[in-house]
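Visitor: Sharing a structure, written as structure tokens. Questions coming.
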Amino acid sequence: MLRLFKKGENLATVKEMEDLEQHSTGIISLERYPAVKKQLRMINLTEQDLKYLSCMQVQMQPILPMMTNRFYQAMDDQPQLLHIIAEHSSMDRLKKSLTKHMQSIFQGEIDENYLKQRRIIAKVHVRIGLEPKWYLAAVESLYEEFFAFIEQQDLPKKRQFNTLRAFMKVMNFEQQLVLDAYEEENKVKRQEVEHSKAVVKDQVLNTSQNLAAISQQTSASTDELSKKAHVLENMTVHNLQFITETEKTSLTGKELVVTQTEQFGQMVEYMSDFKDRMKALHHSSEQIQGVVTLITSIADQTNLLSLNAAIEAARAGQHGKGFAVVAAEVRNLSVETKQAIGKVTGMIEVTDANIAEMSNFMKQMEKLIQESAKGNELVTQSYDGIVQAVSGMKEQTAESHTSIESTVQILEEINQAIETIAHSSDGLIQLADDL
């Protein structure tokens, strides 16, 4: 045991103690605290005990700082305690507070203010996180130092015993007050914890119930969305087939248009050849017209010659009758030839008119065919655009199909996650019930 006192120092004689006892008092004033008075009765702490301690008040003044130092030296081996002290206060401040606290023990009075001061100290210990075990362990050093102090005093053994017993009773009462304050603070904390647990429980229950409701709604929504996704997937498959068929049809139509364009080109060539032949026919008709004109001229001259021959036959009289008959026949032949030529001329005119109409018609047909050929070229270009667009749609539809498949897979994973959440919410409800 560490001794803070040297032999012969601070010795109190019997006479001095008797004089001090006559002038010392011991007072217990706790009328408003019957429970505390009951505690004092249980440990048999009396006003006489307080008087014994009050007699030591003067002798204790020089050694109280040393007792305080010893009290905190007991904490040097506990770094966590030093950390608590450094965080919430300072060592010098705590030593001064403890010295003042120890002085009040030897004042010989336990009243309401005494209780308040002890409870304040206990609350401070609770607030800074000093555990009761460390407080009780440090108090042991106060016992040792006070016992050593009393041993050095020149007092009768009975007086030493009574003083030591009084100190032990007061320290026991001190520890009861501190532990009661600890318990009150801990009770408040437990109530706060229980309240927090109740709040957490309510929050967990509400959250789990909301989570369950949300998971059910989400599950229903994802199921509906999954069904729609499957329908959309089927639609994209049909669309892909339709677009593929449309692409084939477009390619076939493009081939037909190209073939038709080639045929239009051949028709244009045929029309050009037919036009040349119509020109040749018109030229032949013109030549026939020339021949007809020549024959008409010959028929006119023949008719004139037959007329002259008839005149000469009439002059010849009887000898010219035979010649007159020949002349009449020639004349008739000339008239018939002229009539036939007239018919041929009419036919040639009709033929020329028909050739002219055919030529105009061929020109119109050629123009229409050329315009149709141009239209076919535009149609071909349109088919090229359609084929390209359909090919692009096909690629996009294929990508959409892939995306929809991925979406369906994701929805399935979401459904699995929702099931997990539902199980978790059930677990939360069970956990809340266990709180």
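Visitor: Given q = 0.13, 0.17, 0.18 Å⁻¹, what are the Debye log10 I(q)/I(0) values for region 278-404, with equal point scatterers placed on the Cα positions and solvent ignored?
Guide: Scattering profile of region 278-404, log10 relative to I(0): -0.77, -0.94, -0.97.
Visitor: Which entries of 248/363; 51/96; 133/169; 51/95; 96/123 show an alpha-carbon separation above 29 angstrom in the structure shown?
Guide: 248/363
Visitor: Quick check: convex hull over the Cα atoms of region 153-283, volume per residue in Å³, rounded to an integer?
Guide: 262
Visitor: Further question on the same structure: Give me a comma-separated list of calculated 3J(HN,Hα) values for region 184-201, in order, Karplus coefficients 6.51, -1.76, 1.60 applied at θ = phi - 60°, integers in Hz, x for any Gly or Pro.
Guide: 3J(HN,Hα) across region 184-201, in whole Hz: 4, 5, 5, 5, 4, 5, 4, 5, 5, 5, 4, 5, 4, 4, 5, 4, 4, 4.
Visitor: For region 87-219, give the percent of accessible area contributed by carbon and sulfur heavy atoms, probe 1.4 Å, rounded to a whole number.
Guide: Carbon and sulfur together cover 51 percent of it.
Visitor: Using only the alpha carbons, work out the radius of gyration and Dmax of region 164-237 in angstrom.
Guide: Gyration radius and largest Cα-Cα distance of region 164-237: 30.3, 100 Å.
Visitor: Rank these residues by their accessible area, most exposed first, probe 1.4 Å: 251, 155, 333.
Guide: 333, 251, 155
Visitor: Based on the Cα atoms of region 99-196, what semi-axes does the equivalent ellipsoid have, where each is the square root of 5 times one gyration tensor eigenvalue, given in whole Å with the largest first?
Guide: Equivalent ellipsoid of region 99-196: 32, 14, 10 Å, largest first.
Visitor: Students sometimes get this wrong: rank 273, 352 by accessible area, probe 1.4 Å, all chains present, largest first.
Guide: Largest accessible area first, the residues go 273, 352.
Visitor: When ligands, DNA and RNA are left out and all protein chains stay put, how many square angstrom of accessible area per residue does region 287-342 have with a 1.4 Å probe?
Guide: Counting only protein heavy atoms, the per-residue value for region 287-342 is 69 Å².
Visitor: Considering only the other residues whose Cβ falls under 15 Å of the Cβ of residue 136, what net charge follows from Lys and Arg at +1 and Asp and Glu at -1?
Guide: Charge balance in the 15 Å sphere: -4.
Visitor: Label region 92-131 by shape, choosing from rounded, prolate and oblate, from the square roots a ≥ b ≥ c of the eigenvalues of the Cα gyration tensor; if a/c is under 1.5 it is rounded, and otherwise prolate applies when a/b is larger than b/c, oblate when it is not.
Guide: oblate
Visitor: Still on this model: Output needed: percent of Cα pairs per 10 Å distance bin for region 270-320, bins running from 0 to the one holding the longest distance.
Guide: 23, 23, 18, 14, 11, 8, 4
Visitor: Give me, ordered by chain and number, the residues 5 or more places off residue 27 or on other chains with an amide H under 5 Å from its own placed amide H.
Guide: 109, 110
The values are calculated or read from the model by the stated rules, or taken from the named source; none is laboratory data. Keep in mind it's a predicted model, so treat the numbers as computed, not measured. Don't worry about glycine lacking a Cβ; one is built from the backbone with ideal geometry, like all the others, and counts go over all protein chains shown. Surface accessibility is based on the protein's heavy atoms, side chains included, excluding ligands, DNA and RNA. Shrake-Rupley method; radii C 1.70, N 1.55, O 1.52, S 1.80 Å.
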